[in-house]
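The values are calculated or read from the model by the stated rules, or taken from the named source; none is laboratory data. Everything quoted here is computed from the prediction, not taken from an experiment. Note that we place each Cβ from the backbone using ideal geometry, even for glycine, and neighbour counts take in every protein chain shown. The area values use the complete protein model at the heavy-atom level, side chains included, leaving out ligands, DNA and RNA. Shrake-Rupley method; radii C 1.70, N 1.55, O 1.52, S 1.80 Å.
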Amino acid sequence: MKTNLLFFLALLALIGCKQNIEPAVKKEVSKFVHDVNTGPKPWTSETFEPTEDDFTFAIISDLNGGERAGVYATAVQQLNMLDPTFVLSVGDLIDGGTEDKEQLAKEWDSFDDRTAKLNMPFFHLGGNHDLTNPTMREFWKNRFGPRYYHFVYEDVLFLMMDSEDYEEERMMEIYQARAKALKIIDGEIEGTYEESEYYHMPERSIGGMSQAQLDYFTDVLETNPNVKWTFVLMHKPLWMREDKKGLGPLEEVLADREYTVINGHFHSFSNQTRKGHSYTILGTTGGSQNPQDSMAFDHVSLVRMAKKPVITHLKMEGILNEQGNVPSGQ
């Protein structure tokens, strides 16, 4: 009798354990609940996007030359409100143009302190103000690493290019000619800017890149042949340069894939279709503007990467907080 009682108790315990480990059936809760059960409905559809299979990233444009105080700090707050996955840049992040390392450290500290207030990753890219001379190039290397690089996020390839990629001798020629042109502009020496050596250098407006950079990105593209999309970012429009130091040779490698090209430098927004693809020149995110140019405006760009990119350019003056104001840059 005692044996039977022990067996019965053991059986009850076993059944209880099985009941405890069996997962409870979770009742599915509808995402959309309403009480309009008959007749017409005051909405167009009850089919909602089932999952978030896309992501959004943002791009800022030129802060310099001639940065206007407070604009970028405001943009940082607005980007936090918009909450993209990450933020990219197209260069001219500091005033630069100097070989004074203390001054460079001060300018980069100022930029990085403001950028650190972003709630998401930020990807640096150099422009002519950031990479004016070999000293600045070395400063960049020690602080940020490579001047050109790539990364893949959610099967989307990003090529981050250096449009100031010259041999050191040529870089110094450009740097010295630029310094003289600035003295003409400031009235320190006589002359006309439009007649200066720097004004007529192709690198002033369209930049250049080395064979090493071309080889690097060619290899990147060959290694990543089946990505969903490719974004090509640079500061100056290398695609406007028609010799081997321009984007042309890389465009040949890009030809059989979906891609988008984005750059800054001109402080004036424009978009065109080239070789069947979108090429955009961004406006500014704090850089100087020509008041007579209707396309010179401060903005941030949002890219929602679904099957194809959906690009929206948001003028900063229209990104308002809950109180209906442009957020303070303080």
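List of remarks:
- GluC sites (Glu not before Pro) within the stretch 231-269: DSSP coil, no more than 12 neighbouring Cβ in 10 Å: Glu242
- For the cross-link pairs Lys180/Lys236; Lys101/Lys236; Lys228/Lys308, the ones whose C-alpha atoms lie over 18 Å apart are Lys180/Lys236; Lys101/Lys236.
- Helix content alone sets the calculated 222 nm mean residue ellipticity of the chain: runs of n ≥ 4 DSSP H residues at -39500 (n - 2.57) each, divided across all residues, give -9500 deg cm²/dmol.
- C-alpha center-to-center spacing [the stretch 136-164, the stretch 188-225] in angstrom: 16
- Protection proxy ranking, peptides 322-328, 138-144, average beta carbon neighbours within 10 Å, highest first: 138-144, 322-328
- Heavy-atom surface of the stretch 231-308, accessible at 1.4 Å and reported per residue (Å²): 43
- Rounded percent of accessible protein surface that carbon and sulfur make up, the stretch 21-176, 1.4 Å probe: 50
- Cα-based shape type of the stretch 47-89, given that a ≥ b ≥ c are square roots of the gyration tensor eigenvalues and the cut on a/c is 1.5: prolate
- Volume per residue of the convex hull around the Cα atoms, evaluated for the stretch 219-262, comes out as 74 Å³.
- Global geometry of the stretch 193-330, whether rounded, prolate or oblate, following the gyration tensor of its Cα atoms and the 1.5 cut on a/c: oblate
- Direction-averaged projected area, Cα convex hull, the stretch 44-160: 9.3 nm², rounded to one decimal.
- The Cα trace of the chain gives Rg and Dmax of 27.5, 118 Å, the first to one decimal, the second as a whole number.
- Computed on the chain, with alpha-carbon pairs under 8 angstrom and 6+ residues apart, the relative contact order is 20 percent.
- Extended-chain gain in nm, criterion 0.36 nm per residue less alpha-carbon gap, Val71 and Asp83: 2.5 nm
- Kyte-Doolittle mean at least -1.0, axial Cα span of 27 Å or more - DSSP H helices of the chain: 2-21
- Each of Asp54 and Met120 was given a label point 7 Å from its Cα along the Cα-to-Cβ line. The distance between the two points is 1.3 nm.
- Bins of 5 Å, starting at 0 and running to the largest distance - Cα pair percent for the stretch 186-263: 3, 13, 21, 20, 14, 8, 7, 5, 4, 3, 1, 0
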